Structures are given as structure tokens and as C-alpha cells.
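Here's the structure, in C-alpha cells; my notes come after.
The values are calculated or read from the model by the stated rules, or taken from the named source; none is laboratory data. Values in this document were obtained by computation on a predicted structure and should not be read as measured data. Quick reminder, even Gly has a Cβ in these numbers, built from the backbone with ideal geometry, and neighbours come from all protein chains shown.
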Amino acid sequence: MNKILQLKGHFDSNKGPKPGPAKLPPNTEVNVEHIDKLVSRLESIFATWKEDTRLKGALVSVHYRRVIAKSNRLKIILGNGSKSPNESIRGAKFVGEGNERHHVFTHYVPLTVLENSIDILRECSDLVKELYNGKITSEDIDKINSNKKDVGDMKRSNFSKAIVDAYYVKSFDIDKAEKIYNDRSVITLYRTNVGIREILEYAGIDINDVSLLDENTLLLDKRQIELLYNNMPYLIAMGVTDWSEIDCAQAIGDVIEEKKIEIPKPKNEPLVGVIDTHFDEEVYFSEWVKYKNCMDDVIEIEAKDKEHGTAVASIIVDGPSFNPKLQDNCGRFRVKLFGVCKAKGFSVFWILRKIREIVAKNRDIKVWNLSLGSYMEIEENFISPAAAELDRIQYEYDVIFVVAGTNNEHSKEKMKIGSPADSLNSIVVNAVSFSGKPASYSRVGPVLDFFYKPDVCYYGGDSDEAIRVCTPLGEKMVMGTSFAAPWITRKVAYLIYVMGLSREIAKALIIDSAAGWDRQDISSYEMGYGIVPIKIDDILSSKDNEIKFLLSGTIEDFETYTYNIPVPQDDKGFPYFAKATLAYFPMCDRNQGVDYTSTEMDIHFGRLKIKNGKPAIYSINNNLQSESGLLNLRENYVRKFYRKWDNVKHISEELSKNAKTRTVFELGMWGLSIKTKERAVEKAGRGLQFGVVVTLYEMKGVNRINEFKKLCMMRNWLVNTVDIDNQIDVYNMAEEEIELE
């Protein structure tokens, strides 16, 4: 087996290309009838908001023709002077099915902006009638742009932008909430210039009877929701029922007769955070767990409230001792367990407040396990409040959560995963049986109709063979994603605490190890990228004919790249298959609906060649995004094949016995490029860390790792061998307490 290499060196950066003039897709046109329909809709919307002045502006929903790229969103319509229309977006969702599926963006703008947009479209309509016989084509727009002449009394750039806006927009509307929530719910309102107190007064709700999470999110009972819906239905962006029944694991059989297990006293082992039900301090490993009851002292904690938390902690602390088949060689871990709910369920609103407080007060803990989940399925068009809070916390605090994928215990039909398993920055874990098949209780993704969740799967037991845990009453046989997730938590904790790797690299390694070369078909969204290997050694090493190396960096500009990766050659060229996994933790905005992740990192990895006189990467997945001169790569296509806007990218060549050695192009090197785009806030991703795991598979079985190391050092890379034994020694020395005389 070869050890993984860590390459440290210099990344260069480039500013992004300047945007060109607004253009229609080739061979398309816009007719005056369509423009006039848009004008009519905006006039009707303007009349509505001129009469209803409570929002001190206008909410306008823009229905596009299809799932739309950021570059094809509104450019001038609903723009406020020099401000981009993107700045007024308050929410996004998908509507329709199949080929009819399209984006809907909700904007909040002053009435003056609405008036100006109507005037712009009216002027465009008149000009198209007068100068283009009622129909303007893509060729006409190209001529306008190349001639650089104004169109009538309208500036050329404004006319082109307005025509392109009209092409992509299907209609304008005032969308209203479709659903009245029947129970106490966490309701999120569109952000406007009106304060929450004033909004509640309009709706007839006493603010003293309402709990606020932030300026747009509040907890309402059924009566209050009906008042808000009846008075201001257009203001409700999203909502979820507040009370969640815990999606607990299933137990198989009765408690087994207690057997005494010996465990040494804890020393300097890594500390893992667990947020769960409560803990029984009488179990054999109690010295390894620091327990804190985060609930009100007046709430009685019963024996059943301690079962789940105790069982989860038992796996993290000492799981392999009573599950020898799952011996991962990670050792033992100390746990700090925060009891936040009883076994019967929890308030989403209360948990949201508590999780942030817990993480903020325990900054020494970098790895957290959350095996609580809701039985209710996630929503189609927005992230759950709990998942959004986890994503925000991970973006702000440099921590990582491992979350259980939730269980389907009652329904024979496939169920979507439950909150907070829709957290994108977290590692979400589903369960498989010991035969490697999806567990009978598996639930499925995707999240927001696009994001791969769960990320990975692991052994959580099933009817054929269960997982052993320690409960307050003794040993118990159980199954569930609650008991798959802690095993991944152990591995992540080992990678971060013991091996000293970043959370970005740790997440990329976990996903890369699951995907392997023979990646599972994840179209069912049950198994994520695959099953993570049992032994940590298999994650931290590669086969003799593989070269696996790690690269980390920080985003400073549009492109962060290196053209300096020296891959060994044979007498015919590069005899390799290649794969790469990228992970990063972007800022996320729940208020943006389906456009949830704020930053996109687009990975290009492969051989270097000269294109148009400049070095370019011939990417292993033929990634054509950001290539100059290419037009009309549809958003649906790049999301599906290049995972655009996903915060995990896994690209891989398929192993083949008949593959030919790869051609060596002019430069004889390989390169890595990360191209970064933002959705709402420009440069929001600057300073964001990324981690990449690259594997080269030698086609003829030759071990070329030593040659690769020498070549890298010759190219000024600092090459570190990720050695488990050495890192354990380093960790132990760093954790030793020094007694001063």
C-alpha cells in the first residue's frame, strides 16, 4: 500500500473575465406581443401595490422559461439605478415538472423601480415595432452590440439587456403562500423594509405572543398563522411545523444480559461533541463522557430519555470493543454530550437557538455528531431551519457536523430524508446492511431537487444483523442511521484531530473513499457516493499502483490554479486513470430558497495543453464551463453533469482494460483550476478554504509514487507523507501535559 501525499505549494490567481454585452441565444427571437404581455402584467402588479401600501414597496415574482443560470437572470428590469436586480431577490423556488420545470424568483423593489421597468419595456416594445417589424432576433442584437450605436433614444446596452430579460422571462406575478400550516410552525417572511412589529399589527397578531428567531423568522400557532395568511399571504416565504417527533432507531429484541466491559481511564484522546437526548452516567464508559443537561431544570428526565444519547455516545467512545466486525483502528474518543430533548421529540425553534449557543461556547470542539432527526419529510423548495442553522454554524465556526440520514420506520413507500439531514455543509450518513445493500429503513434525497444527500452510507444494521450499543440497561441490538453516523464521526475526528487535516480535506477524503473507482449509481439517492471503508488505514492509503495526494488552498480571486503538477510518464505518455474530489463549506442563505449556496467552485483537473496560445487544462470530465466562446450550456445540464452550485464535486474517469496511455501535450504537466462564482454578493467566497483529493491509477500496475515525489520536489512542492504512526506520535506529544518544577 502507498501512503497519501500532501502537497504544499503556491497557487496563482486570475481575475474573472469581464462580462460581455447582453446577447440572445443563437437562432432565437423576441416578439412585441410577448413584451406587451410582460408590460401588462407589471402594470397590474403596480396597481395592486399602489393600492396596498403596507409593504412600502412591491413583491414581484419573476417566472422564467426554465431553470436559469445566474448570467441569464434579469439584467435591467427590476434594477434600481446602478444596483443589480440580483440585490432585490428575496427568494427562489422551482415550479413545474419535467421539461416545464422553471425558476421563480421573488424580488422586493420600490414602486419607482416598478414604474421604471414598465417604462423600459414600453420603450422596447415601441422600438421593436418601429425598427424591427414587431420581431427582433439574436442576429439583430449581435449587430446592435457590434455597431455600438444606440437604438432610437435608448442606450444600446439598456436596450439589449431589456430584450434579453424579456426573452428569458415567461411572466411576472404576485405569488402567495399555497399552504396553511395546521400546527405551531416556524414561519419565515420575505425580507422587506417593514419591521416585524408593524407586519404583525397589520395581521392582527400581538408581538408579545410571538417568539422571534431573527427579523424574518418567527414561531406562530395555528390561529396566528391563519391571521397572517388571511391578511398578507404574499409575505409568507416558507414554513415548517415546529414540533418534530424524533426519528429514533429501531431496537431488535430485548436488552441483553449486561456484561462487564473494561475500559481504561481517559487521557488525552480527542474530544467529540454530541447533541442528542440525554446520557446515563452509570454506564461503564461514563468517565469518557462529560454530560450537560441543556433543558430547563423543571423538566423531568426519565430513563427512556437517556437511551438514544447513551447509545450514540457508546459507539463514538468505544464502538469497536463490542462491534469487532467494525474495528476501524481509530482508537477511543472522549465525548461531550449535550442533552437537548426528550425521547418523545423536540421543538425545532428551541433547538435552533440551542445548537448555536452550544457550539459558540465550546470552540475547542471541531467535530460534532447529530443523530437526531425529524420523521417529517423535507420540503421541495427550501432548506429546513435546523439544517440552515447547521450550515451557517459550519461556515462561521470552522467546525463540521456528521448528521444521521433519518429512518423510514412506518411507511413501505420511499420517503424523503427528514431535517436536519438536508444540511449541505454537514456529512449526512445513510445506513446499509452488512451485505452492503441499502438498509430497509433507508430514506432518500435529493435536497432542493438537486443536491446529493445523503453524502455517504455506513453499516447501521438491519434485520439480518444489528449494531451493538450500550444503553442505560445494558447491551442492546439496534439498527438505524443514528448508529451509522457515529462511525463516520469517529473517522472524521481521527482525520482532523489525530492526522491534523483540515475539515475540507477530511470531508473530501471520506467522500472520495466511498466513491472509489467503481462508483455506485446514486440516481436513487439512497447511498450517496457509496460505502465508506471500515478501516481508517484504507482511507489514508492507496494501492501500490495508485498515487493519491492532497491539495488545499484559499480562494483569492475568480480563478485559483496551479499548472505545476509533474505526473510521471512512461515511454508512451501518461499511463493513468484519474479522479478528484473537491469539498468546501460555502455561506448559505435559506431566504434564497432553491438558490441556497452562495458560492460555486468549479473544478478543472487534467493534462495541460496549449489553446489559443495559452496554457489550458484538458479536464478529465471534459468540463467546458467558463471556456471562452462557448454559449448556451443549459443550467440543467451543468448542474447534472458538473454539479454546478454543489459544494462537493467528484470527477472520475472510468477504469477500462482497453484504455490507451494518455497523450503528453506540449507542456508535459498537469494542472488544477478552481473557478469561483457568486450568486448574490460579489466576492463573498473570497477567503474560503477548499480541499482536493486526487488519485492517479497506473494502468499497467507500476508503482510510480517515489518518482512522483521527486518530480514534485523538483517543482518546488513541499511533499509530506501522511503517515499514521508518525501523526499519532505527534498528536500524543502535542497533548502531553508538561509539569513545571
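Structure notes:
- Within the option set Ser40, Ser82, Ser61, Ser88, being within 25 Å of the chain's Cα centre (by Cα) and hydroxyl-bearing (Ser, Thr, Tyr) holds for one residue only, Ser88.
- Assessment of region 530-545 against the conditions (in contact with a His (Cβ under 9 Å, 6 or more places away or on another chain) and assigned by TED's automatic domain parsing to the domain that holds Phe451) yields no matching residue.
- Flag if Asp328 is part of a loop (DSSP other than H, G, I, E, B) and without any contact (Cβ under 8 Å) to a residue 40 or more places away in the chain: no
- Only one of Glu258, Glu226, Glu262 that is among the acidic types (Asp, Glu) and either more than 23 Å from His308 (Cα to Cα) or at pLDDT 95 or above (or both): Glu226
- Region 364-387, subset assigned to a loop (DSSP other than H, G, I, E, B) and among the hydroxyl-bearing types (Ser, Thr, Tyr), residue surrounded by the most Cβ atoms within 10 Å (Cβ to Cβ): Ser371
- Of the residues Val128, Val95, the single one that is more than 30 Å from Tyr234 (Cβ to Cβ) and aliphatic (A, V, I, L, M) is Val128.
- Residue within region 675-682 that is loosely packed, with under 13 Cβ neighbours inside 10 Å, under 23 Å from Gly553 (Cβ atoms) and at pLDDT below 90 present: yes
- Selection count where residues are closer than 16 Å to Ala508 by Cα, of a type in the set (A, V, I, L, M, F, W, C) and out of contact with any helix residue (DSSP H, G or I) (no Cβ under 6 Å at 6 or more places or on another chain), scope region 541-561: 2
- Enumeration of residues in region 1-16 that are closer than 18 Å to Thr676 by Cβ and either among the aromatic types (Phe, Trp, Tyr) or assigned to a strand (DSSP E or B) (or both): Phe11, Asp12, Ser13, Asn14
- Within region 331-363, considering residues that are more than 27 Å from the chain's Cα centre (by Cα) and not small (Gly, Ala, Ser), the one surrounded by the most Cβ atoms within 10 Å (Cβ to Cβ): Phe333
- Output for region 135-150, where each listed residue is closer than 15 Å to His34 by Cα and either surrounded by 15 or more Cβ atoms within 10 Å (Cβ to Cβ) or touching a Cys at 6+ places or on another chain (Cβ under 7 Å) (or both): Ile136, Thr137
- Conditions (1) surrounded by fewer than 18 Cβ atoms within 10 Å (Cβ to Cβ); (2) among the charged types (D, E, K, R); (3) in a loop (DSSP other than H, G, I, E, B): number failed by Lys644: (1)
- Neighbours by Cβ (under 7 Å, 6+ apart or cross-chain): first from region 338-355, under 15 Å from Asp242 (Cβ atoms); second modelled with pLDDT under 85 and of a type in the set (Phe, Trp, Tyr): Val340/Phe346; Gly345/Trp243; Ser347/Trp243
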